[in-house]
Amino acid sequence: KGGKQVLKVWLPKGILLGAVEIESYIPLTIPPGVANYHPKIVPPTSRPRLWVDKDILPVIQKRLTKGENLSVWKNLKEKVLIPFPFEFNPTREIAQNPVLERVVQEKAFYYLMTGNLKIGNEAVRLILDYLSVLEFGNVKSGDITRDIGRAIYTTALVYDWCYDIIHEGDRKILYSEMMRLADNMEIGWPPFKESIVSGHASEAQVNRDLLAMSIAIYDEDPEPYRYTSYLILEELVPMRSFEYQSPRHSQGVDYGAYRHGWEMHAAWLFYRMAGM
């Protein structure tokens with residue numbers, strides 16, 4: 001703000017501070033092409049939207065007990081019917097819990113397939129309690145973005161698959177928590193800090209996590225979908241259409257295969273959302 005100011009820093013006993021670097025905050029700007037962008041493909045008014053739409057849902061439900069699906073479905077049913085113990089102190093932050101996130105996804109899926117209210121409500125309550133104390137600290141890196149993204153993705157699945165049993169107030173909480181986490185992603189929010197063509201931004205954080213979030217909350221806030229769909233449809237797809245004419249991936253054997261997998265996530269999220 002100008003003038004002489006004083007900055008005070010308190011450290012726990014035994015912790016030494018090597019240096020403090022102060023930078024001016026520069027908010028992310030919206031690229032010119034995004035300001036008036038209107039995607040040709042938008043989420044439907046019906047639900048579900050993530051991986052499953054209203055037309056394919058009954059088909060999947062009928063196939064749960066067919067062939068090799070039967071043993072997987074039986075195993076899933078046995079697991080989800082067991083209540084998941086989650087004890088927490090609402091005044092204390094906790095680190096990410098991958099086991100809980102997996103359980104929440106499974107219970108939300110089971111509700112989607114069966115309509116079991118007990119399991120569906122448990123999934124909703126677990127994710128609400130979990131997000132209320134979940135904190136990733138001030139670490140900024142590509143690896144932590146992957147962890148943050150999984151939390152966003154899990155929440156988006158619950159938001160969409162259990163939408164009809166989530167109270168409006170709880171939906172607002174889930175929306176706010178996803179946006180809070182999105183702000184800490186490596187690509188930033190709005191998500192234009194990095195290029196989606198190469199690097200970490202071409203992995204899960206946009207192609208699965210932010211895209212799933214934006215599809216889930218489209219009714220309440222269409223702006224995130226406008227951003228993510230622009231990145232994928234207007235920047236990533238045209239570039240890959242050119243690059244994939246080559247027999248070799250532009251980002252090498254390891255990164256190429258890994259990042260291609262996330263692009264397939266985006267493709268199928270769009271396909272299923274559009275009823276294809």
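The values are calculated or read from the model by the stated rules, or taken from the named source; none is laboratory data. Note that the structure is a prediction, hence the values are computed from the model and not measured. For neighbour counting, all protein chains shown are included, and Cβ atoms are generated from backbone atoms with ideal geometry for every residue, glycine included. To get the accessible areas, we keep the full protein, side chains included, count just its heavy atoms, and leave off ligands, DNA and RNA. Shrake-Rupley method; radii C 1.70, N 1.55, O 1.52, S 1.80 Å.
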Taking the stated definitions as given, is Asp254 surrounded by fewer than 13 Cβ atoms within 10 Å (Cβ to Cβ) and either part of a helix (DSSP H, G or I) or β-branched (Val, Ile, Thr) (or both)? yes
Give me the residue from the range 152-203 that is modelled with pLDDT of 95 or more, part of a helix (DSSP H, G or I) and within 26 Å of Gln251 (Cα to Cα) and, out of that set, least open to solvent (accessible area, probe 1.4 Å). Ala182
Taking the conditions exactly as written (at pLDDT 95 or above, of a type in the set (Ser, Thr, Tyr), within 24 Å of Gly188 (Cβ to Cβ) and not in a loop (DSSP other than H, G, I, E, B)), does Tyr110 satisfy them or not? no
Trp73: open to solvent by less than 80 Å² (accessible area, probe 1.4 Å), among the aromatic types (Phe, Trp, Tyr), farther than 30 Å from Leu233 by Cβ and free of Cβ contacts under 8 Å to residues at least 40 places away in the same chain, yes or no? yes
Can you pull out every residue in the range 1-55 that is surrounded by 14 or more Cβ atoms within 10 Å (Cβ to Cβ) and among the acidic types (Asp, Glu)? Asp53
Let me spell it out: the conditions are (1) assigned to a helix (DSSP H, G or I); (2) without any contact (Cβ under 8 Å) to a residue 12 or more places away in the chain; (3) not aromatic (Phe, Trp, Tyr), and His249 meets all of them except one. Which number is the exception? (1)
Return the only residue of Ser24, Ser71, Ser46 being over 30 Å from Phe136 (Cα atoms) and either in a loop (DSSP other than H, G, I, E, B) or in contact with a strand residue (DSSP E or B) (Cβ under 7 Å, 6 or more places away or on another chain) (or both). Ser46
Residue within the range 128-151 that is under 17 Å from Glu203 (Cβ atoms), at pLDDT 95 or above and either touching a Lys or Arg at 6+ places or on another chain (Cβ under 6 Å) or open to solvent by 60 Å² or more (accessible area, probe 1.4 Å) (or both) present: yes
For Pro85, are the conditions met, namely being exposed (fewer than 10 other Cβ atoms within 10 Å of the Cβ), modelled with pLDDT of 95 or more and within 29 Å of the chain's Cα centre (by Cα)? yes
Could you tell me which of the residues Lys107, Lys74 is more than 17 Å from Cys162 (Cβ to Cβ) and of a type outside the set (Asp, Glu)? Lys74
Residues in the range 144-159: is at least one free of Cβ contacts under 8 Å to residues at least 40 places away in the same chain and either acidic (Asp, Glu) or farther than 30 Å from Leu233 by Cβ (or both)? no
Kindly list the number of the only condition in (1) open to solvent by less than 100 Å² (accessible area, probe 1.4 Å); (2) in a loop (DSSP other than H, G, I, E, B); (3) not hydrophobic (A, V, I, L, M, F, W, C) that fails for Pro58. (2)
